[in-house]
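Here's the structure, in C-alpha cells; my notes come after.
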Amino acid sequence: MTTAVAYTRVSSDDQIRGTSLSTQLSEIKTYCDRHDINIVKHYEDAGESAKTADRPGLISALDECRKRKATYLIVHRIDRLSRNAADGLAIRAKLSSHKTQLVSVSEPVSDEPAGQFMSAIMFAAAQFDNDIRSARCRGGMVATTAKGGWTYQAPFGFSRTRREDGLPLLVITNPDASALSSVITNYALGKNTLLSTIHAFKLLGFSPLKANRIFHEPIYGGIIRSRLSPVDVLAAFPSYVTPEIWYKFEARYAVEKRHNRRDKPAGKGFYLSVCTCVVCGSRLSGSFARSSCGRLYAYYRCPNRHANIKAANLEIAMEEALADLVSLSEKLKRAVEIATQSLMSRGRDAKKIEIQRQKEIILCRSKLESLTEKYVSDDIDKATYKTIQLKFNSRIADLEAEAIRESQPQDYFERAVALVNAFRNIRDVWQKMDMESRRNLLLSMPKTPQYNPSTKKIELDFDQAGIDKVPSLKPSNQMVERRRFELPTPTLRTWCSTN
C-alpha cells in the first residue's frame, strides 16, 4: 500500500470554529480509501495565511515527506497549500527532490506535463485571487477611514462596535473616562508636568509602555491618523477629549521632548557643516546646546569628538581663510604675465599652423578609411594593414597632443584672469551671500574645506584641481561657467612660487 501525508489549512477564526478543517480531512480520507492509500500523518495550520510558506504545519509536513519518503502529499485544494505562485512552485520542486508527488483531491494535479502545467496555472490563479481580495480589502479600509470609521484593533479604553449601516466604530469602555479626559486636558493646558501626567496614566490602568505610547495615539482626541489617509480624519464616534485639546496636548509634548535633550538637530543655517575634520576626515555636524546659564547657542562638532567649536568662531575662521585667497590674487598676477608672454611668443603664424595641422589630421583619417576599404576587398594582407594603420594612428595622436600643448597657455591665461578677479572680490561677495549660496560655494571647491582643531583654522587647499592629469582641456569659458570660484592649478601655483 502506498503512503501519504495529509495537509489541511484554514485562515480565519470562523473557519476554525466551523467545519472547514474536518471537511477537508474527510474528503482526503475518502480519496485515499478509494485509491488504496494509507495516511501515515496528518498536519494542519489553523488560522494561518497562505501568503507565506513559513507555517509550522506545512514545514512539518514537508519534513515528514523527507523522513518517511511518502509517495504523496495530499491536499484538498491547491490554494490550501499556497496562495503564492513562487512558493507553490518551490514547494513542488522540493517534493520532487524527495520523490513525493503532490495530489489535490478536487483538482487534476499530477507529475505529467499536463498536470504540472495545470498546477502552475492554479498556483498563479490562487495568488491572483488573493491579490484581488487584498486590493478590495484595502480599498474598503480607505473608504471606511474617510468616513471616520476605525479599521484596526481597539486601543486601551475602547472596544469595537458597528453602526447600523455597518461602519466599524469604537466606544469608550474605560470606567474612569472622565478622569482620563481631565488628565489629558490638564497637561494640554499646562497645569501638570510630563512626569506627573505619565504617573496619572499608570494610576488609571495604563501599563508603563502604554502610558508613554498614549502621547502618540491621536484617537483619544477623536483623530484618525494612519497610512490609509494623507491627512487627519475626524472620528465618527465620541472620544475622551476634543481634537483642539489633543493638538495642544501633542504640541506641548513635542516641545518638552526637545528641551529635555541637550542637543537639537541642525537646521539649514549650519552651512559650514560641509567642512571636514582634518584628523579623521568626517564632516562636521551642526547642533544647538545650552550653556550653564541656560542660554541656547549653536556649535559644530566632529562625530568622532576631534573638534568642538562654536558656530560664531568657525565663521570667523572661514572669513580668515578667504582673506588668504584675497592675498593669493596678487601672486596670480605674475602667472597672468607669464601666460601673456607665452602667447605673444607664438606670433601671428599660430593660426596658420593650427589650420595646417587640422588638414594633416583630416588627410591621415581619409587615408585610414581607404586603407580599410583595401583590406576589406583583400587588396592588402592583414600584416601590412596593421603596420600602416599603426603608423597613421601614431601620427594623428602626435598632432592632437601638439595641439593640446600649444592651447594650454591660452587656457591657463583665461583661467588665471578669472581666478584673479574671483579672489580679489571673494570676501566682499561672501559677506553679501545668503547661507545657501555660501554652502554652494564651499561645495564647488575642488577639495572640501578642512577644520584643524589644533590651530583652530580652516584650511583651503588650492592644489587639488589636478589639471596636469587631464589629457585634454575643455574650453576655459565652459570651465569658468561650471565652477566659477575654481581654485588655482598646480602649474599656476608653481608659477606663483618660482617667479
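Among the residues that make up region 109-120, is at least one of them in contact with a Phe, Trp or Tyr (Cβ under 6 Å, 6 or more places away or on another chain) and in the same structural domain as residue 32 (by TED's automatic domain parsing)? Can you show your working first?
Of all residues in region 109-120, those in contact with a Phe, Trp or Tyr (Cβ under 6 Å, 6 or more places away or on another chain) come to none.
No, because not a single residue in region 109-120 is in contact with a Phe, Trp or Tyr (Cβ under 6 Å, 6 or more places away or on another chain) and in the same structural domain as residue 32 (by TED's automatic domain parsing).
Within region 59-76, which residues are without any contact (Cβ under 8 Å) to a residue 60 or more places away in the chain and in contact with a strand residue (DSSP E or B) (Cβ under 6 Å, 6 or more places away or on another chain)?
Taking region 59-76 and keeping what is without any contact (Cβ under 8 Å) to a residue 60 or more places away in the chain, we get 59-64, 66-67, 69.
Hits for region 59-76 are 60, 61, 64.
Just give me the residues in region 202-241 being closer than 13 Å to residue 180 by Cα, in a loop (DSSP other than H, G, I, E, B) and not aliphatic (A, V, I, L, M), in sequence order.
Passing the criteria: 205, 206, 239, 240.
Would you check if there is a residue in region 291-311 being closer than 30 Å to residue 214 by Cα, among the basic types (Lys, Arg) and at pLDDT below 85?
No, the conditions are met nowhere in region 291-311.
Taking the stated definitions as given, is residue 113 touching a helix residue (DSSP H, G or I) at 6+ places or on another chain (Cβ under 6 Å), more than 30 Å from residue 172 (Cα to Cα) and free of Cβ contacts under 8 Å to residues at least 24 places away in the same chain? Talk me through it step by step, then tell me what you get.
Numbers: touching a helix residue (DSSP H, G or I) at 6+ places or on another chain (Cβ under 6 Å): no; more than 30 Å from residue 172 (Cα to Cα): yes; free of Cβ contacts under 8 Å to residues at least 24 places away in the same chain: yes.
No: the conditions fail for residue 113.
Taking the options 166, 190, name whichever one is without any contact (Cβ under 8 Å) to a residue 40 or more places away in the chain, of a type outside the set (Phe, Trp, Tyr) and in a loop (DSSP other than H, G, I, E, B). Step through it out loud before you land on a result.
On the way: 190 fails: without any contact (Cβ under 8 Å) to a residue 40 or more places away in the chain.
Step by step, each of 166, 190 is checked, and only 166 is without any contact (Cβ under 8 Å) to a residue 40 or more places away in the chain, of a type outside the set (Phe, Trp, Tyr) and in a loop (DSSP other than H, G, I, E, B).
For region 1-104, give me every one of the helices (runs of 4 or more DSSP H) that falls completely inside it and has 2 or more residues that are at pLDDT below 85 and surrounded by 14 or more Cβ atoms within 10 Å (Cβ to Cβ). Spell out how you get there, then give the answer.
Details: elements: 13-17, 20-34, 56-68, 78-81, 85-97.
Counting at least 2 such residues, we get 20-34, 56-68, 78-81, 85-97.
Within region 116-143, can you find the residues that are surrounded by 15 or more Cβ atoms within 10 Å (Cβ to Cβ), touching a residue at least 40 places away in the same chain (Cβ under 8 Å) and not aliphatic (A, V, I, L, M)?
119, 123, 127, 130
Considering 52, 100, which residue is hydroxyl-bearing (Ser, Thr, Tyr), more than 23 Å from residue 125 (Cα to Cα) and touching a residue at least 24 places away in the same chain (Cβ under 8 Å)? Outline the logic, then answer.
Numbers: 52 fails: more than 23 Å from residue 125 (Cα to Cα).
After ruling out the rest, the residue left standing is 100.
Specify the residue that is surrounded by the most Cβ atoms within 10 Å (Cβ to Cβ); the eligible residues are those in region 281-306 that are closer than 20 Å to residue 443 by Cβ and not hydroxyl-bearing (Ser, Thr, Tyr).
Among those that are closer than 20 Å to residue 443 by Cβ and not hydroxyl-bearing (Ser, Thr, Tyr), it is 284.
Mind checking whether some residue in region 138-156 is within 17 Å of residue 242 (Cβ to Cβ) and either more than 30 Å from the chain's Cα centre (by Cα) or of a type in the set (Phe, Trp, Tyr) (or both)? Outline the logic, then answer.
Within region 138-156, the first condition is being within 17 Å of residue 242 (Cβ to Cβ), and the residues that meet it are 148.
Add one more test, that the residue is either more than 30 Å from the chain's Cα centre (by Cα) or of a type in the set (Phe, Trp, Tyr) (or both), and what stays is 148.
Yes; the residues of region 138-156 include at least one that is within 17 Å of residue 242 (Cβ to Cβ) and either more than 30 Å from the chain's Cα centre (by Cα) or of a type in the set (Phe, Trp, Tyr) (or both).
The values are calculated or read from the model by the stated rules, or taken from the named source; none is laboratory data. Just so we're clear, the structure is a prediction, and the values are computed from it rather than from any experiment. Glycine also receives a Cβ, built like all others from the backbone with ideal geometry; neighbour counts cover every protein chain displayed.
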